[in-house]
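Accompanying notes for the structure given below.
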Amino acid sequence: MVTLEEVTVILAPIERCFDLARDVEVHLEGNVHYGEQAIAVSGGGITSGLIGMGERVTWRAKHFGVWQTLTSEITAFDRPAYFQDRMVRGIFRFMRHDHFFRTLTGGATEMTDRFFFAAPLPLLGWLAEQLFLSRYMQALLHERNMVVKQRAERECES
């Protein structure tokens, strides 16, 4: 299993950062070049707005030239300090994403993501994790966080 961490300091209030981090449209902005969409599936789930405790969203995107579908659910929620989402359906053997938020002096927010995953196929998956998948997933986290940061800071200016 791989553990990734991404820490982002945002010049915006904690509540704003927390809500942007769980906003489906903001997530899609951060992954637009992968053709990512939030799709409706049988069994429910949301496709827009803010995701909350117990809610699911199904994402469809093209990664490594292949269309993938992944459903995640919010499994822990403590606004505005923490939420967790877990994969309930998808290609990975395991995926969990913990989102932590804390206020810094001066009113800035520290957003920390801890992302845990295990690739499919134990031996080949481990090799993929080592060769390219860890860097790829870290870049996705960073890209999404930069969208949250830009949106939060821009909205605080206006």
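For segment 20-54, give me each residue that is among the charged types (D, E, K, R) and touching a residue at least 60 places away in the same chain (Cβ under 8 Å).
Answer for segment 20-54, where residues must be among the charged types (D, E, K, R) and touching a residue at least 60 places away in the same chain (Cβ under 8 Å): 22, 29.
So which of 42, 48 ends up being closer than 20 Å to residue 20 by Cβ and not in a strand (DSSP E or B)?
Step by step, each of 42, 48 is checked, and only 48 is closer than 20 Å to residue 20 by Cβ and not in a strand (DSSP E or B).
Being out of contact with any Gly (no Cβ under 9 Å at 6 or more places or on another chain) and either among the acidic types (Asp, Glu) or under 25 Å from residue 89 (Cβ atoms) (or both) is the filter; apply it to segment 143-158 and report the residue that is surrounded by the most Cβ atoms within 10 Å (Cβ to Cβ).
153
Being at negative phi, buried (at least 18 other Cβ atoms within 10 Å of the Cβ) and in a loop (DSSP other than H, G, I, E, B) is the requirement here; does residue 12 meet it?
Yes, satisfied.
State whether the residues of segment 113-131 include one that is at pLDDT 90 or above, within 20 Å of residue 14 (Cβ to Cβ) and part of a strand (DSSP E or B).
Yes.
Could you list, in sequence order, the residues of segment 67-84 that are aromatic (Phe, Trp, Tyr) and more than 13 Å from residue 37 (Cβ to Cβ)?
Matches in segment 67-84: 77, 82, 83.
Go through 110, 153 for me and flag whichever is among the acidic types (Asp, Glu), in contact with a Lys or Arg (Cβ under 6 Å, 6 or more places away or on another chain) and closer than 16 Å to residue 16 by Cβ.
110
Considering only residues of segment 98-124 that are crowded, with 18+ Cβ neighbours inside 10 Å and farther than 13 Å from residue 7 by Cβ, which is farthest from the chain's Cα centre (by Cα)?
Per the criteria, the residue is 119.
Are any residues in segment 102-112 in a helix (DSSP H, G or I) and modelled with pLDDT of 95 or more, and if so, which ones?
Residues satisfying the conditions do not exist here.
Please work out which residue is nearest to residue 84 (Cα to Cα), limiting yourself to segment 1-53 and to residues that are among the charged types (D, E, K, R) and either over 15 Å from the mean Cα position of the chain (by Cα) or at pLDDT 90 or above (or both).
22
Which condition number does residue 63 fail, the rest of (1) surrounded by 17 or more Cβ atoms within 10 Å (Cβ to Cβ); (2) within 25 Å of residue 134 (Cα to Cα); (3) under 15 Å from the mean Cα position of the chain (by Cα) being met?
(3)
For segment 72-97, give me each residue that is in a loop (DSSP other than H, G, I, E, B) and more than 17 Å from residue 1 (Cβ to Cβ).
Selection gives 79, 80, 81.
With (1) free of Cβ contacts under 8 Å to residues at least 60 places away in the same chain; (2) in contact with a Phe, Trp or Tyr (Cβ under 6 Å, 6 or more places away or on another chain) as the list, and residue 99 as the residue in question, which single condition is left unmet?
(1)
Report whether or not residue 74 is more than 16 Å from residue 97 (Cβ to Cβ) and touching a Lys or Arg at 6+ places or on another chain (Cβ under 9 Å).
Spelling it out, it is not the case that residue 74 is more than 16 Å from residue 97 (Cβ to Cβ) and touching a Lys or Arg at 6+ places or on another chain (Cβ under 9 Å).
The values are calculated or read from the model by the stated rules, or taken from the named source; none is laboratory data. Predicted model only: the values in this text are computed from it and were never measured. Note that each Cβ is placed from the backbone with ideal geometry, even for glycine, and that neighbours are counted across all protein chains shown.
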